[in-house]
Amino acid sequence: MERGSISFPAAVILGLLVGAGAAAGGYFMGRGFYEGRRAERYVTVKGLIERYVKADLAVWTITFTTTGADISAVSAASERDRELVRSFILKDGFADKEVEQLPTRVTDQFANPFGAPNVEASRRYVITAGFEIRTAKVDVVRQASQTTGELIRQGVVLDGRTFEGSANPAYLFSRLNDIRPAMLAQATKSARAVAQQFAADSNSRLGAIRRASQGVFQVMSRDAEEPNPMEERASIEKKVRLVSTIDYYLID
């Protein structure tokens, strides 16, 4: 046999090895293509869950103003109003720890260069004071806030101004963490039911989760369809909504 030549048995073995290698390479290439195609087949669904809850915290601010030409007289009148408001609050059963006295503000309108140019001398001094009530007695706050006419009849000038996005009283739900796990589980279950229906309609089977987004918890007034912070804070009865987005693989 000449140097460099390959015997017949050796050539056969080499051919088999080359063929097996090509076959194995073809298998792995084909498997990779299948996995790539599989990764493209998925469905995106949303799971919606809503739960009705009741506010468990009320924040109510009662402010009042006193005006006059003499600062001493205005101060004395403000102290009188303060005692009337305090008595009004305490008669509804609020504890001292639930009531906080707000800082007193004194304004000399003659000293304000940007004030109204025609301020009467009888309204030169303005004293604003008040109380903030923070309590779990939301129903008591709702009832008491509807009877502030008693103070007006006693000569107390209530400052009823509100600011954009606020409500007075404001009713809050502070136990979102207590219901979060159960709502997440229900939203996931809802999304899976929708995905299973889609898979059945497309003659597929539902696979594993490809990607999931928890979504955002929204607290709204009970009958609202869209979030409105002002409306939500003014409502004791609320609705918590969660929309989760989940991708599921589809399998042939």
Members of region 166-222 found to be within 16 Å of D56 (Cβ to Cβ) and of a type in the set (S, T, Y), listed by number = Y171, S174, S221
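Does D223 satisfy being modelled with pLDDT of 95 or more and either outside the structural domain of L102 (by TED's automatic domain parsing) or under 27 Å from the mean Cα position of the chain (by Cα) (or both)?
Values: modelled with pLDDT of 95 or more: no; either outside the structural domain of L102 (by TED's automatic domain parsing) or under 27 Å from the mean Cα position of the chain (by Cα) (or both): yes.
No, not satisfied.
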Cβ pairs under 6 Å, 6+ apart or interchain, first in region 213-237 and of a type in the set (S, T, N, Q), second in a loop (DSSP other than H, G, I, E, B), ordered by first then second residue, are Q218/P227; S221/S235
Go through the residues of region 163-183 one by one and say whether even a single one is loosely packed, with under 12 Cβ neighbours inside 10 Å, under 26 Å from V99 (Cβ atoms) and modelled with pLDDT under 90.
-> yes
May I ask you to verify whether V156 is in contact (Cβ under 8 Å) with a residue 40 or more places away in the chain and within 30 Å of A76 (Cβ to Cβ)?
-> yes
In this structure, does S75 turn out to be farther than 30 Å from S174 by Cβ, surrounded by 11 or more Cβ atoms within 10 Å (Cβ to Cβ) and polar (S, T, N, Q)?
-> yes
Hey, among the residues in region 94-144 that are small (G, A, S) and over 31 Å from the mean Cα position of the chain (by Cα), which one's surrounded by the most Cβ atoms within 10 Å (Cβ to Cβ)?
-> A129
Of the numbered conditions (1) outside the structural domain of D247 (by TED's automatic domain parsing); (2) modelled with pLDDT of 50 or more, F28 fails exactly one; give the number of that condition.
-> (2)
Go through the residues of region 185-199 one by one and say whether even a single one is surrounded by 13 or more Cβ atoms within 10 Å (Cβ to Cβ), touching a Lys or Arg at 6+ places or on another chain (Cβ under 8 Å), over 20 Å from R241 (Cα atoms) and touching a residue at least 60 places away in the same chain (Cβ under 8 Å).
-> yes
Any idea how many residues of region 205-220 are polar (S, T, N, Q) and in a loop (DSSP other than H, G, I, E, B)?
-> 1
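Please count how many residues of region 64-75 are touching a Ser or Thr at 6+ places or on another chain (Cβ under 6 Å) and either of a type in the set (D, E, K, R) or in contact (Cβ under 8 Å) with a residue 60 or more places away in the chain (or both).
Taking region 64-75 first, the residues touching a Ser or Thr at 6+ places or on another chain (Cβ under 6 Å) are 65-66, 69, 74.
Now drop any that are not either of a type in the set (D, E, K, R) or in contact (Cβ under 8 Å) with a residue 60 or more places away in the chain (or both), which leaves 65-66.
Residues in region 64-75 being touching a Ser or Thr at 6+ places or on another chain (Cβ under 6 Å) and either of a type in the set (D, E, K, R) or in contact (Cβ under 8 Å) with a residue 60 or more places away in the chain (or both): 2 in total.
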Read through the list (1) surrounded by 13 or more Cβ atoms within 10 Å (Cβ to Cβ); (2) under 28 Å from the mean Cα position of the chain (by Cα); (3) not aromatic (F, W, Y), then give the number of the only condition that R86 fails.
-> (2)
Checking F217, F198 in turn, the sole residue that is under 28 Å from D252 (Cβ atoms) and either in the same structural domain as K46 (by TED's automatic domain parsing) or modelled with pLDDT under 90 (or both) turns out to be F198
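Just one of A58, A136 is of a type outside the set (F, W, Y), in contact with a Pro (Cβ under 7 Å, 6 or more places away or on another chain), at pLDDT 95 or above and under 30 Å from Q186 (Cα atoms); which is it?
Numbers: A136 fails: in contact with a Pro (Cβ under 7 Å, 6 or more places away or on another chain).
Only one candidate qualifies: A58.
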In region 227-244, residues that are closer than 22 Å to L184 by Cβ and either under 14 Å from the mean Cα position of the chain (by Cα) or among the aliphatic types (A, V, I, L, M) (or both) total 8
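The values are calculated or read from the model by the stated rules, or taken from the named source; none is laboratory data. Here the structure is a predicted model, which means the values were calculated and not measured. Cβ coordinates were reconstructed from backbone atoms using ideal geometry, including for glycine residues, and neighbour counts include every protein chain displayed.
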